[in-house]
Amino acid sequence: QLLYVYWPNHLLFCAPFALLVQPDMTFGDLVETVIKPAAAAHPDAAKADFLNAEWLLNDEPFTPRADASLKDNGIDHKSMLTVTTPGLNGIADVGY
């Protein structure tokens, strides 16, 4: 399924990530094997604690269960995840 992931203030590219993922993978696996590698080029990525970040699922507050599948977390085809990492402000800290 297609999944969009948006990390506000951390866009090295022009849009959120568009990721192809398996609905039965766990949220923890999504973070470790998909999101972390996709975000690795960003200078804040090494400091980001994505599992304990603030999440939105389709613009609604969301608390993911790391050991549950994407499907069981309510994440389906073309869902949009927004992740905010308090204290990491991307370009906002650079002063642009």
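The values are calculated or read from the model by the stated rules, or taken from the named source; none is laboratory data. Note that the coordinates shown come from a computational prediction; the quantities given were computed from them, not determined experimentally. Reconstructed Cβ throughout: ideal geometry from the backbone, glycine too, with neighbour counts over all protein chains shown. Areas reflect the complete protein model, heavy atoms only, side chains present, ligands, DNA and RNA absent. Shrake-Rupley method; radii C 1.70, N 1.55, O 1.52, S 1.80 Å.
Here are a few things to note about the model shown:
- Share of carbon and sulfur in the accessible heavy-atom surface of the chain [1.4 Å probe, %]: 54 percent
- Where the Cα pairs of segment 13-96 fall when distances are cut into 5 Å bins, in %: 3, 14, 24, 28, 18, 9, 3, 1, 0
- Relative contact order of the chain, pairs being alpha-carbon contacts under 8 Å that are 6 or more residues apart, as %: 40 percent
- Projecting the Cα atoms of 31, 12, 89 onto the charge dipole of the chain (Cβ charges, centred on the Cα centre) puts 12 farthest toward the positive pole.
- Remark: segment 46-54, residue by residue, has Karplus-estimated 3J(HN,Hα) of 5, 8, 6, 9, 5, 5, 10, 7, 8 Hz, where x stands for each Gly or Pro and the curve is 6.51 cos²θ - 1.76 cosθ + 1.60 at θ = phi - 60°.
- Rounded accessible area per residue of the chain, 1.4 Å, Å²: 59 Å²
- Taking the helices alone, the chain has a mean residue ellipticity at 222 nm of -500 deg cm²/dmol, built from -39,500 (n - 2.57) per DSSP H run of at least 4 residues and averaged over all its residues.
- In a DSSP loop and with at most 13 other Cβ atoms within 10 Å, the trypsin sites (Lys or Arg not before Pro) in segment 1-76 are 65, 71.
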